[in-house]
Every structure is written in structure tokens, then in C-alpha cells.
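A quick write-up on the structure given underneath.
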Amino acid sequence: QVQLVESGGGLVQAGGSLRLSCEDSGRTFSSYGMGWFRQAPGKERVLVAAISRSGGTTYYTGSMKGRFTISRDNAKKTVYLQMNLLKPEDTAVYYCAATSGEIYYIKEYDYWGQGTQVTVSS
């Protein structure tokens, strides 16, 4: 079973950086592709970045490419999201999720963390 807990959110000024972590307390982390999603108030939840089970394939949604980096450490059962050059429009609740299917589609994700708030001030 997968149990995901995010950490690392907070308040940061525009142009700053944050590193989010998501740890799985289960036993099968390396069997799942992982994704980071975000949901701003009044908006739908969207994919930010995703990574394959081995870490060999990564994917980023348009505006995050070049500013965000997803990585994973299967030994630590943790996936990370390094966020640089943050903008006020990056403000949202960020969720990590696990999938046994394709990493590109939100409908494929089976397990979700509780979310962590990221607020970027201008």
C-alpha cells in the first residue's frame, strides 16, 4: 500500500526557491510512477511534473519546464520537486501522487498525499 506525505511548502517571495518532498511510508514505492500536481483556488488540479519508476523519464507541464525539477530516491522512498524562480501564479496546494499506469494523465493516479501549501508573494 502507498501512503504519501508531502512536506516543504511555505511562504516565499517571488524569485525564490522551495523544495517539496513526498515520502511513501509503504513498501512498494519503486513500483510506481510519481507525479506532482497543484491546485489553485477555484481551479482544477493540474499536473506539474512526473517521473517514471526508475527516474529515467521525466515530464513537465509547459510553464514549469526549466524552473522546476522532479527527482526521486527509491532507497529513501521519496520524490522531490525543486522549484526555482517562483512566481505569484505558482501559488497553490501541491500534491504528490502515485500511479501504476501512465505518468502523463491525472486519471491514472491511484494514491494521493494530503497536499502542502505553497504561497509566493509579489
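The values are calculated or read from the model by the stated rules, or taken from the named source; none is laboratory data. Everything quoted here is computed from the prediction, not taken from an experiment. When we count neighbours, we look across all protein chains shown, and the Cβ atoms used for this are built from the backbone with ideal geometry, even at glycine. Ligands, DNA and RNA are excluded from the accessible area calculation, which covers all protein heavy atoms including side chains. Shrake-Rupley method; radii C 1.70, N 1.55, O 1.52, S 1.80 Å.
Note down the net charge around V79, summing +1 for each Lys or Arg and -1 for each Asp or Glu among other residues with Cβ under 13 Å from its Cβ.
Numbers: positive: R19, R53, R72, K76, K77; negative: E6, E23, D24, D73.
Net of charged neighbours comes to +1.
So for region 15-122, if I pair up every lysine 8 or more residues apart or on another chain, how many of those pairs have alpha-carbons under 22 Å apart?
Values: K43/K65; K43/K87; K43/K107; K65/K87; K65/K107.
Pairs that pass both the separation and distance tests number 5.
Can you check what the net charge comes to around D110, using other residues whose Cβ is under 13 Å from the Cβ of D110 (Lys, Arg +1; Asp, Glu -1)? Intermediate values should be presented prior to the final figure.
Values: positive: K107; negative: D24, E102, E108.
So the environment of D110 carries a net charge of -2.
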| query | Which value, in Å², gives the accessible area per residue of the chain when a 1.4 Å probe is used on the protein heavy atoms? | reply | 52
| note | S122 neighbourhood, Cβ < 14 Å, K/R = +1, D/E = -1, net charge -1
| query | So what are the three principal axis dimensions of the chain from its Cα atoms, in whole Å, longest to shortest? | reply | 40, 25, 24
| note | A chain fully extended from S71 to Q114 at 0.36 nm per residue, minus the present Cα-Cα distance, gains in nm 13.5 nm
| message | Can you give me the % of accessible surface on the chain that is carbon or sulfur? Probe 1.4 Å, all protein chains present, nothing else counted. | response | 46
| field | Label point at L85 placed 7 Å out along Cα→Cβ; residues across region 19-62 whose backbone nitrogen lies under 16 Å | value | 60-62
| Packing-based order for 32-43, 59-70, using average beta carbon neighbours within 10 Å, highest first | 32-43, 59-70
